[in-house]
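**Q** Below: one structure in structure tokens.
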Amino acid sequence: MDILKILEEMTQINSPSGNEDEIRKYILSKISEYCDEIDTDAMGNIIAHRTGGGKKIMFAAHMDEIGVIAASADDNGFIYFSPVGGLNTRNLVNLRVRFTNGTAGVIGAKEAAFKDKPSVDKLYIDIGAKNKTEAEKKATVGDCAAFEGGFIKSGDTVISKALDNRAGCAVIMKAMSEIKESKNDLYFVFTVQEEVGLRGAKTAAFAIEPDIAVAVDVTDTGDTPDAPVMAVEMGKGAAIKVMDRSIICDADVRTKMIETAKKNKIPYQLEIMTDGGTDAGAIHLTRAGIKTGGVSIPTRYIHSPSETASADDIKSCAELIYNLAITEW
Ligand code: CO
Ligand code: ZN
């Protein structure tokens, strides 16, 4: 499996939270040969099972992405919207979006210039409609849109919309495709609705009831000018999560990850993310508690159309997940 090829293809699929149909179809088409059973649950999570003895291990990556949802149209045909997931309104002005029905638009702001973070009611989507009736034909209440942002590979760097978290999906898919034999009972889960509150991971973990879980997602970096202080750097390897706002990772799981990285000469670094959480946070609080860790892809400009990561880091994460899947726990 060519990890960068599937990553490129997946980033260009528009599937904001609650609209995971298209990305789910793509992932299902690529992974069915690598598992024994495959299920889509009521939430829409993909649960792929590769049966085996030993510990029950769940790997999870969310397949949704941030976006916007049409809430109303005005008489002039401009669409007002709500955010789907954590959007920084400062970054939204003049961005291109595309509704899942194909309608394209540009986000405009009521004020030409502003110093402060605009509230979302100061923003609208211009889809080129002449009036309310025409606007509602092209994007009705409840229609979702994702950012436009083509995939660029420049040296080791990849830039695209939706690296959060198609990079995590690609990591798990690549690891799945490499496994010949494993000492464990493996579950690979592609979750829905992470961006709106870690929702799919919660029900999937409840159903699977794993002994150990590992969530794969992107994380911020501290290596850009004036970035908030953070030890993670792009290009320095797979980030093994210690803590984020949703979880303090299980110490045994974290130690096992570090040992596995060292043993297989996989570049790694340790991650503490002070802003935001991941599926790991929802999983570890499921049922009576689940030992959970996280593997993260260091990514700059998260939640923008120009998320930026290192192809080498993405490959290191895939190697780490592969080794965690086959090793004895
Ligand atoms: Co995100
Ligand atoms: Zn994410």
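Read-outs: derived from the displayed coordinates by stated rules, not from any lab. Predicted model, so just to flag it, every value in this text is computed and none were measured. Positions of Cβ are generated from backbone atoms using ideal geometry, with glycine treated the same way; all protein chains shown enter the neighbour counts.
**Q** Suppose every Lys and Arg Cβ carries +1 and every Asp and Glu Cβ carries -1, with no other charges. What dipole size does the chain come out with about its Cα centre, to the nearest 20 debye? Before the final figure, lay out each step's value.
**A** On the way: 38 positive and 49 negative charges, 39 e Å.
Charge dipole of the chain: 180 debye, to the nearest 20.
**Q** Run the numbers on region 200-318 and let me know its relative contact order in percent, using alpha-carbon pairs under 8 Å that are six or more apart.
**A** This gives 38 percent for region 200-318.
**Q** Compute the distance in nm between two label points, each set 7 Å from the Cα along the Cα-to-Cβ direction, one at MET43 and one at SER29.
**A** It is 2.6 nm.
**Q** Right, here's the next one. To the nearest 10 degrees, how steeply does helix 163-178 sit against the main Cα axis of the chain, on a 0 to 90 scale?
**A** Roughly 30 degrees between the two axes.
**Q** As a test of the formula, what do you get for the chain when each DSSP H run with n ≥ 4 contributes -39,500 (n - 2.57) and the sum is divided by the residue count, at 222 nm and rounded to the nearest 500 deg cm²/dmol?
**A** Values: 8 runs with 87 residues, N = 329.
Taking each H run of at least 4 residues, the total per residue is -8000 deg cm²/dmol.
**Q** Rank GLY52, GLY237, GLY67 by mean-square fluctuation in a GNM of the chain with C-alpha springs under 10 angstrom and give only the top-ranked residue.
**A** Maximum fluctuation in the GNM of the chain, among the listed residues, is at GLY52.
**Q** On to the next question. If you take every DSSP beta bridge whose two residues both sit in the chain, what share of them, in percent to the nearest 5, is antiparallel?
**A** Numbers: 42 of 67 bridges.
Counting DSSP beta bridges with both partners in the chain, the antiparallel share is about 65 percent.
**Q** Now for a different question. What's the local net charge at PRO228, with K and R +1, D and E -1, over the other residues with C-beta under 10 Å away?
**A** -3
**Q** Related question: Assuming R0 = 30 Å, can you tell me the calculated FRET efficiency for the pair GLU181 and ASP252, based on Cβ-Cβ distance, to the nearest 0.05?
**A** About 0.80, to the nearest 0.05.
**Q** Given PRO228, ILE314, SER182, which one lies farthest toward the positive end of the charge dipole of the chain, if we put +1 on the Cβ of every Lys and Arg and -1 on the Cβ of every Asp and Glu?
**A** PRO228
**Q** Considering the dipole of region 15-140 built from charges on the beta carbon (Lys and Arg +1, Asp and Glu -1) around the Cα centre, which of GLY128, PRO16, MET58 is farthest to its positive end?
**A** Value computed over the given set: GLY128.
**Q** So, R0 is 45 Å and r is the distance between the beta-carbons of VAL106 and GLU328; what FRET efficiency does that work out to, to 0.05?
**A** It comes to 0.25.
**Q** Which residues does the label zone of PHE206 cover in region 29-56, counting backbone N under 18 Å from a point 7 Å along Cα→Cβ?
**A** Residues 40-47 fall inside that zone.
**Q** Also, I was wondering about something else. Sorted by packing (mean other beta-carbon atoms within 10 Å per residue), highest first, where do 180-188, 210-218, 312-320, 139-147 land? Display every interim value, and only then the final one.
**A** Working: 180-188: 17.9, 210-218: 26.6, 312-320: 24.1, 139-147: 20.7.
Result, highest mean Cβ count within 10 Å first: 210-218, 312-320, 139-147, 180-188.
**Q** Additional query: Work out the charge dipole of region 67-147 with +1 on the Cβ of Lys and Arg and -1 on the Cβ of Asp and Glu about the Cα centre, then indicate which of GLY102, GLY77, THR140 is farthest towards its positive end.
**A** Farthest towards the positive pole: GLY102.
**Q** Express the relative contact order of region 183-237 as a whole percentage, based on alpha carbon pairs under 8 Å and six or more residues apart in sequence.
**A** 17 percent
**Q** So what's the net charge close to LYS265: Lys and Arg +1, Asp and Glu -1, counting the other residues with Cβ under 14 Å from its Cβ?
**A** Cβ neighbours under 14 Å give a net charge of 0.
**Q** Compute, for region 109-148, the length of the dipole vector about the Cα centre, with Cβ point charges of +1 (Lys, Arg) and -1 (Asp, Glu) only. Units Debye, rounded to 20.
**A** Roughly 120 debye, rounded to the nearest 20.
**Q** State, to one decimal in nm, how far the label point of LYS132 lies from the label point of SER72, with both points 7 Å from Cα in the Cβ direction.
**A** With each label point 7 Å from Cα toward Cβ, the separation is 0.9 nm.
**Q** Counting other beta carbons within 10 Å of each Cβ, put TYR124, TYR301 in order, fewest first.
**A** Least to most surrounded, the residues fall as TYR301, TYR124.
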